[in-house]
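Inspection log for the structure reproduced underneath, given as structure tokens.
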Amino acid sequence: MTKTCFRFFTITDYEKEEQWLHAMFLKGWKLVSVRFQCIYTFTQTEPADMAVRLEYSDIPLKTRPDYEVMMKDYGWECLSSGAGWNYFARPTDAQPVNNELFTDDVSRLSMIRKIFQKRYLVLFLVLIFLILPAVVTTGFEKGMNALFIGWIVLAGIYIFALAYCGIGFQKLLKKYDLKMDMTPSVRGLMVCALAAVVSILFLIAAYLVGGAFRDFWLAALPWVLCGIGLLALMIYTTTGNIDA
Amino acid sequence: MDSRIERIYVPMTESAFYILLSLQEERHGYGIGQRVKDLTEGHLTIGPGTMYGTLSKMEKDGLIEFTREKEKRKYYKITPLGQEVLDREKKRIRCLYQVVEEDDRK
């Protein structure tokens with residue numbers, strides 16, 4: 001017998017996801033597949049105390065048969081693999097250390113950094129090059145319009161998600177006493193994203209005040225801020241660390 | 001030894017040291033883990049994620065090399081560069097131990 005659940009876990013809530021899957025095992029449900037990162041399919045099994053661990057890796061498991069066999073040697077079974085996330089489970093061992101995939105700071109930080117670079121930073125680019133221009137161009141129309149409101153709402157949700165995950169990363173780093181060093185280009189990107197957020201807030205304020213604010217300079221402001229951010233980024237990467 | 005290798009591997013993490021030490025003999029991932037457990041009398045456990053990551057990095061940096069594959073398991077062995085790095089670390093540990101011994105005798 002199978003059952004399918006819809007649950008959404010953010011990229012920094014994977015430990016919560018592990019606990020949920022562990023609880024499902026205790027109820028007798030074994031994870032079979034994860035689709036679109038929110039549709040979980042389970043198959044009925046004997047209730048068992050299984051430790052579940054997620055691993056984010058940009059290299060698909062199928063292309064690493066040696067890793068798969070190493071995991072098996074250590075007692076881990078791969079439940080599902082896809083979209084960069086691998087789900088492993090093993091009977092809970094009496095010694096807690098045997099229930100972990102990562103046992104030193106270097107490897108733990110490496111995985112967190114991978115998630116940060118491949119899943120989080122990309123979102124900043126979407127904010128700067130998709131959402132912000134959409135907000136600007138729809139807001140340029142005179143009068144309240146539904147499209148502008150729609151994009152503002154989307155921007156709001158998006159910025160909230162970015163902030164939530166940003167805090168999530170901080171919590172993870174603090175939990176394991178790790179420090180993630182940011183390259184200048186990353187810092188530059190974050191400056192641009194911050195400029196985009198400030199611009200959107202400015203546009204909302206201007207819209208609410210109304211009147212003569214809807215003119216060329218208002219529309220140009222976000223681009224000016226982003227331009228400054230990009231300039232700062234370029235200066236950083238050329239005069240600062242070459243290793244961007 | 002170039003400065004980049006020195007920066008990363010001197011000093012080494014405990015796990016990296018034991019992995020490199022074990023690879024003076026040809027072994028595969030799980031076998032290294034078992035060897036480390038024996039050497040440390042069960043005190044040091046290296047998780048598979050850490051093991052795989054460390055082996056990949058050491059291979060890329062030229063400290064170990066892939067020797068053969070058997071039943072999908074990859075076997076590795078230390079390279080001359082790896083031996084150089086290991087000897088440097090052993091020297092550091094010996095020095096550290098001597099200082100500790102002298103301090104204890106006081």
Worksheet item: Is it the case that A:L162 is open to solvent by less than 70 Å² (accessible area, probe 1.4 Å) and either among the hydrophobic types (A, V, I, L, M, F, W, C) or out of contact with any Pro (no Cβ under 6 Å at 6 or more places or on another chain) (or both)?
Response: yes
Worksheet item: Residue check, A:K114 against (1) open to solvent by less than 50 Å² (accessible area, probe 1.4 Å); (2) assigned by TED's automatic domain parsing to the domain that holds A:F169; (3) more than 29 Å from A:I152 (Cα to Cα), all met but one. Which one?
Response: (1)
Response to the item:
Over segment B:18-60, the set of residues crowded, with 21+ Cβ neighbours inside 10 Å and in contact (Cβ under 8 Å) with a residue 60 or more places away in the chain is B:L20
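Would you check if there is a residue in segment B:61-76 being part of a helix (DSSP H, G or I) and open to solvent by 90 Å² or more (accessible area, probe 1.4 Å)?
no
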Discussion item. Regarding segment A:66-89, can at least one residue be identified that is of a type in the set (S, T, Y) and under 18 Å from B:L55 (Cβ atoms)?
Written reply: yes
Worksheet entry | Residue match in segment B:45-62 (condition: more than 14 Å from chain A (Cβ to nearest Cβ) and closer than 25 Å to A:R90 by Cα) | no
Response to the item:
Restricting segment A:90-104 to residues that are at the interface with another protein chain (Cβ under 7 Å from one of its Cβ atoms) and out of contact with any Asp or Glu (no Cβ under 9 Å at 6 or more places or on another chain), the one surrounded by the fewest Cβ atoms within 10 Å (Cβ to Cβ) turns out to be A:V97
Practice prompt. Have a look at A:A89, A:A163, A:A83, A:A94 and point out the one that is on the phi > 0 side of the Ramachandran plot and at pLDDT 85 or above.
Written response: A:A83
Fill in: Test for A:V126: is it of a type in the set (A, V, I, L, M) and within 30 Å of A:K16 (Cα to Cα)
yes
Discussion item. Need pairs with beta-carbon distance below 8 Å; first residue within 14 Å of chain B (Cβ to nearest Cβ) and under 15 Å from A:G168 (Cβ atoms) and within segment A:110-127, second surrounded by 14 or more Cβ atoms within 10 Å (Cβ to Cβ) and of a type in the set (D, E, K, R); sequence gap 6+ or separate chains.
Written reply: A:M111/A:E55
Item to complete: Could you tell me which residue of segment A:117-158 is most open to solvent (accessible area, probe 1.4 Å), considering only residues that are in a helix (DSSP H, G or I) and of a type in the set (K, R)?
Response: A:K118
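Yes/no per residue for (1) open to solvent by less than 20 Å² (accessible area, probe 1.4 Å); (2) outside any strand (DSSP E or B); (3) not assigned by TED's automatic domain parsing to the domain that holds A:K114:
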{"site": "A:W20", "(1), (2), (3)": "no, yes, yes"}
{"site": "A:M24", "(1), (2), (3)": "yes, yes, yes"}
{"site": "A:L31", "(1), (2), (3)": "yes, no, yes"}
{"site": "A:A48", "(1), (2), (3)": "no, yes, yes"}
{"site": "A:A51", "(1), (2), (3)": "yes, no, yes"}
{"site": "A:I59", "(1), (2), (3)": "no, yes, yes"}
{"site": "A:D66", "(1), (2), (3)": "yes, yes, yes"}
{"site": "A:K72", "(1), (2), (3)": "no, yes, yes"}
{"site": "A:S81", "(1), (2), (3)": "no, no, yes"}
Worksheet item: For B:S15, are the conditions met, namely being of a type in the set (S, T, N, Q), crowded, with 18+ Cβ neighbours inside 10 Å and more than 14 Å from every other protein chain (Cβ to nearest Cβ)?
Response: no
Response to the item:
If we keep only residues of segment A:66-101 that are of a type in the set (S, T, Y) and in contact (Cβ under 8 Å) with a residue 40 or more places away in the chain, then the residue nearest to B:H43 (Cα to Cα) is A:T92
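The values are calculated or read from the model by the stated rules, or taken from the named source; none is laboratory data. Treat the numbers as computed from the prediction; the structure is a model and nothing was measured. Cβ atoms come from the backbone with ideal geometry, glycine included; neighbour counts cover every protein chain shown. The area values use the complete protein model at the heavy-atom level, side chains included, leaving out ligands, DNA and RNA. Shrake-Rupley method; radii C 1.70, N 1.55, O 1.52, S 1.80 Å.
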